[in-house]
Amino acid sequence: MAQPFWFDQEFTKQDYSQNKLPKGDYENCRFVDCLFTKGFLDNQNFVECTFEGCDFTNANIAHTIFNEVTFVDCKMVGVQFETCNPMVLAFQFTGCNLSVASFYGMEIPKTFFLNCKLHQVDFSEANLKMSQFPNSDLENAIFNHTQLEQVDFSSAFNFSIDPSINTLKKSKFNKEGLIGLLKKYDIVVT
């Protein structure tokens, strides 16, 4: 039996924390100010959808497909992205709070994180090649055996990255950000 299909629909101020979003395929849909807190978004298919001002705090996204999905001003604290479906995975984030989220071991090259709060986010063993972090706060973000080749950190801040355990070839940093590569050495820069 085929799943329900929604195309070009807008969902505004819906509370899916208590009543689950109906399982199905959502294409070119827009979700505005919806609540998914601790909700179950597992086994959904989102293609070319936009989420604006939504709260995903601790939402279950296991096996969910995010293909060309944009998140704008969303609260995504504690979301375990590594549980989503890795096939055709492509998303971008603008103005989102992704603190304590996890992208552990994910293949997410060319991902865009603009003006995001990424405190204590786990990027361990992820492939972020050619990703961008413009004006994003990476305080206590975890980079451990992470592929960071050609990543743009030039306006990112509060990061601490150990060059000896991460791949940083041709990554971009501004002069002020270089201290984030030296923190493990406990060097005082004046």
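The values are calculated or read from the model by the stated rules, or taken from the named source; none is laboratory data. Please read these numbers as outputs of a predicted model, since none were measured by experiment. All Cβ positions, even for glycine, are placed from backbone atoms using ideal geometry, and neighbour counts span all protein chains on display. What goes into the accessible areas is simple: the full protein's heavy atoms, side chains included, and nothing from ligands, DNA or RNA. Shrake-Rupley method; radii C 1.70, N 1.55, O 1.52, S 1.80 Å.
Name the residue that is modelled with the highest pLDDT, counting only residues in the stretch 174-185 that are out of contact with any strand residue (DSSP E or B) (no Cβ under 9 Å at 6 or more places or on another chain) and within 21 Å of Gln120 (Cβ to Cβ).
Only one residue tops the list, namely Leu181.
Name the single residue, out of those in the stretch 3-51 being assigned to a strand (DSSP E or B) and farther than 22 Å from Asn85 by Cα, that is nearest to the chain's Cα centre (by Cα).
Taking the candidates together, the pick is Val32.
Please find, within the stretch 52-66, the residue that is farthest from Asn28 (Cα to Cα) out of those that are part of a strand (DSSP E or B) and open to solvent by 40 Å² or more (accessible area, probe 1.4 Å).
Asn60
Being small (Gly, Ala, Ser) and crowded, with 20+ Cβ neighbours inside 10 Å: is that true of Ala90 here?
no
Kindly evaluate Asp33 against the criterion of being open to solvent by 40 Å² or more (accessible area, probe 1.4 Å) and either over 24 Å from Ser99 (Cβ atoms) or not polar (S, T, N, Q) (or both).
So Asp33 fits the description; yes.
Pairs under 6 Å by beta carbon, first residue touching a residue at least 12 places away in the same chain (Cβ under 8 Å) and more than 14 Å from Phe143 (Cα to Cα) in the stretch 101-118, partner open to solvent by 50 Å² or more (accessible area, probe 1.4 Å) and assigned to a loop (DSSP other than H, G, I, E, B), six or more apart or different chains?
Going by the 6 Å Cβ cut-off, the qualifying pairs are Pro109/Lys129; Pro109/Met130; Lys110/Met130; Asn115/Asn135.
Report, by residue number, each residue of the stretch 114-145 that is under 20 Å from Asn85 (Cα atoms) and not charged (D, E, K, R).
Result: Val121, Phe123, Ser124, Ala126, Asn127, Leu128, Ser131.
Please tell me if Lys117 is at positive phi and within 18 Å of the chain's Cα centre (by Cα). Give the derivation first.
Details: at positive phi: no; within 18 Å of the chain's Cα centre (by Cα): yes.
No: the conditions fail for Lys117.
For the stretch 67-85, enumerate the residues that are in contact with a Phe, Trp or Tyr (Cβ under 6 Å, 6 or more places away or on another chain), part of a strand (DSSP E or B) and either touching a residue at least 24 places away in the same chain (Cβ under 8 Å) or surrounded by fewer than 17 Cβ atoms within 10 Å (Cβ to Cβ) (or both).
Phe71
Would you point out the residue of the stretch 118-172, among those that are within 15 Å of Cys96 (Cβ to Cβ) and among the polar types (S, T, N, Q), that is most open to solvent (accessible area, probe 1.4 Å)?
My answer is Gln120.
Considering the stretch 92-130 alone, what residues qualify as being basic (Lys, Arg) and part of a strand (DSSP E or B)?
Listed by number, the list holds a single entry, Lys117.
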